[in-house]
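Engineer: Pasting in a structure now, in structure tokens, and then I'll have a few things to ask.
The values are calculated or read from the model by the stated rules, or taken from the named source; none is laboratory data. What you see is a predicted model; the values in this text were computed from it and never measured. Using ideal geometry, Cβ is built from the backbone for each residue, glycine included, and neighbour counts are taken over all protein chains shown.
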Amino acid sequence: MLEQLVVQTSSEAETQELGFRLGRLLEQPALILLQGDLGAGKSVLARGIARGLGVDPQVPITSPTFTLMNHYPARLDLYHFDLYRLADPDELIEIGFDDYAHGAGVALVEWPERLETDQIDGVWVVLERLGNDLRRVNFAACGEAAAKLLKALRDGLQKQSLKPLE
């Protein structure tokens, strides 16, 4: 069965904290796919994941809207993709997307709906803007490793201030 988790955050800081907790749990290569409208909080969650992986706090985490990918050295290297302005899927071949997405680090992909398939093992995250600061963050795991990661996140959140929605 597909592991799912829904969390509601009420501030940018909480959304970033949620990403931080997910990033700290990452112990092996992973693919994390972030979906949501502009302003939904994808880049905020990505910043938290980067910090949780150990990206230097002095390094700004920005969405690679015009470059397609930013690389951040960390405990597991982070490859942050933003496919919003992807004009042609062949651009992904040119930058070696598959090597990063299934490589030795963490590939974080904003706008994964621009990929040619939705049958990708990884953690799918859909962020919904409910109000100025209120977000619903819907996680779904595709694959065994992603399911274990979400279970660990759920268990950790139940012990802390951010609570999964039932």
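Engineer: Can you confirm whether VAL123 is of a type outside the set (Lys, Arg), in contact (Cβ under 8 Å) with a residue 40 or more places away in the chain, in contact with a Ser or Thr (Cβ under 8 Å, 6 or more places away or on another chain) and buried (at least 21 other Cβ atoms within 10 Å of the Cβ)?
Structural biologist: No: the conditions fail for VAL123.
Engineer: Can you list the strands (runs of 3 or more DSSP E) found entirely within the range 1-101 that contain at least 2 residues being buried (at least 23 other Cβ atoms within 10 Å of the Cβ) and β-branched (Val, Ile, Thr)?
Structural biologist: Once the strands (runs of 3 or more DSSP E) in the range 1-101 are filtered for at least 2 residues that are buried (at least 23 other Cβ atoms within 10 Å of the Cβ) and β-branched (Val, Ile, Thr), nothing remains.
Engineer: Looking at this structure, is GLU12 in contact with an Asp or Glu (Cβ under 9 Å, 6 or more places away or on another chain) and among the acidic types (Asp, Glu)?
Structural biologist: yes
Engineer: Then there is this: Looking at the range 104-143 only, could you name the residues that are in contact with a helix residue (DSSP H, G or I) (Cβ under 7 Å, 6 or more places away or on another chain), part of a loop (DSSP other than H, G, I, E, B) and under 18 Å from GLU14 (Cα atoms)?
Structural biologist: ASP133
Engineer: Tell me which residues, restricted to the range 112-132, are at pLDDT 90 or above and farther than 17 Å from HIS80 by Cβ.
Structural biologist: Across the range 112-132, the qualifying residues are VAL126, GLU128, ARG129, LEU130.
Engineer: Considering only the range 144-166, state which residues are at pLDDT below 90 and either touching a strand residue (DSSP E or B) at 6+ places or on another chain (Cβ under 6 Å) or not in a helix (DSSP H, G or I) (or both).
Structural biologist: Hits for the range 144-166 are LEU157, LYS159, GLN160, SER161, LEU162, LYS163, PRO164, LEU165, GLU166.
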